[in-house]
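Here's the structure, in structure tokens; my notes come after.
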Amino acid sequence: MTRNRFYLYPIICFFATALIFLVKLILEEPLMEVIQESVIGYLVILAYLILIFKMRKSTMESVLLKKIGEGNGHRKRLFWVIFILLKIIVTALVLRVTTLYFFDDDNSPIIGLPLLAIGIGSSLAVLLVYLLEGFMESEEKRVASMLNLKEYESEKAIANYNALKKQLNPHFLFNSFNSLAGLVSQHPKKSEQFIQELSNIYRYTLSKSDEVVVTLKDELQLIDSYILLQQIRLKDKLHLKTKVDSEALKRFVPPMSLELLVENAIKHNVIGKTNPLIIQIYTEGDYLVVGNTYNPKNSTSKAYSHGIGLKNLTNQYALISTKIPFFGILDGQYIAKIPLISTEV
């Protein structure tokens, strides 16, 4: 029982006891007797409500009862109605015995009109607890959902900023325009294609960066444009191999996630004629794998990364999926595995 709920039940019992106390005073019963009965009544009602709550909690958490209660709608409802009725009868009998012990001196029978009255009261108490707990649980879920949404929006804002900042990176622009300048005079047709692919990258960044997820097909199209620009500069030092299931193309990933992984591979590895960078993108079950030959630059170089981009990508996945990405070195290759989302978030 949470602390808030622990405080709530004594408050409910206090108002119920206070109402009974006032009624007895109006009926001009002896004050000391009324106080004594009110204190005992308060403790009995509080214990009773807590007992019902504990029984409800154990019922909801019981694997056996959940299994018995499974089935079609009518069977499930019938089972739980019978179960709740049995619980009311048992708790009513317990409460009747308790009231006989504390309040009755005439040895009145257990079964009779008082038991019926207590049974009705027990039904109302059970209904109160179920409604109260159901309301509080729904409120907790609503608040948790709102917190997750705010957290996701915060992470998303950081991701959007980082994605835009990467694409507007002066070094990226400088390299792109430098490559373009060399193409214009020597390969006019290639320069036109270069400008088109560069335009595609910026259009994608501006149009997709606000999305929660995008299709893998769209992400791969972006990577084709990005690799083409990089190959103009790196030529045969950079190779991309893609093998993705057709069904996986319809699944989703966070926007700019592939670009982040490919850019990291280019940025953090030594690339030369004798050690070209080979990047592979393929599917593996419910994951998309981006692997590359591992020949890291010196960690003291300017290109050294503190993993901010990967950390941010992991945080995004924590809010939209139960699966988490993997980043590490396997069999001499740097491997990044990111979950494929089945439905749009």
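The values are calculated or read from the model by the stated rules, or taken from the named source; none is laboratory data. What you are looking at is a predicted structure, and each value in this text was computed from that prediction instead of being measured. Because the Cβ atoms are built from the backbone with ideal geometry, glycine has one as well, and the counts that use them run over all protein chains shown. Ligands, DNA and RNA are stripped out before the accessible areas are found, and what is left, the full protein with its side chains, is counted by its heavy atoms. Shrake-Rupley method; radii C 1.70, N 1.55, O 1.52, S 1.80 Å.
Tell me yes or no: at least one residue of the stretch 279-287 is open to solvent by 70 Å² or more (accessible area, probe 1.4 Å), in contact with a strand residue (DSSP E or B) (Cβ under 9 Å, 6 or more places away or on another chain) and at pLDDT 90 or above.
Within the stretch 279-287 (the criterion being open to solvent by 70 Å² or more (accessible area, probe 1.4 Å), in contact with a strand residue (DSSP E or B) (Cβ under 9 Å, 6 or more places away or on another chain) and at pLDDT 90 or above), the answer is yes, since at least one residue qualifies.
I'm trying to understand the selection: among the residues of the stretch 65-94, which are modelled with pLDDT under 70 and of a type outside the set (G, A, S)?
Hits for the stretch 65-94 are L65, K66, K67, I68, E70, N72, H74, R75, K76, R77, W80.
Would you please name the residue that is surrounded by the most Cβ atoms within 10 Å (Cβ to Cβ), looking only at residues in the stretch 211-223 that are in a helix (DSSP H, G or I) and among the hydrophobic types (A, V, I, L, M, F, W, C)?
Ranking the qualifying residues of the stretch 211-223, first place goes to L216.
I'd like the full set of residues that are out of contact with any helix residue (DSSP H, G or I) (no Cβ under 9 Å at 6 or more places or on another chain), small (G, A, S) and surrounded by fewer than 19 Cβ atoms within 10 Å (Cβ to Cβ), limited to the stretch 242-278.
Of everything in the stretch 242-278, just one residue is out of contact with any helix residue (DSSP H, G or I) (no Cβ under 9 Å at 6 or more places or on another chain), small (G, A, S) and surrounded by fewer than 19 Cβ atoms within 10 Å (Cβ to Cβ), namely S246.
Assigned to a helix (DSSP H, G or I), modelled with pLDDT of 75 or more and either of a type in the set (S, T, Y) or touching a Gly at 6+ places or on another chain (Cβ under 7 Å) (or both): is that true of Y226 in this structure?
Here the answer is yes, as Y226 does meet what is asked.
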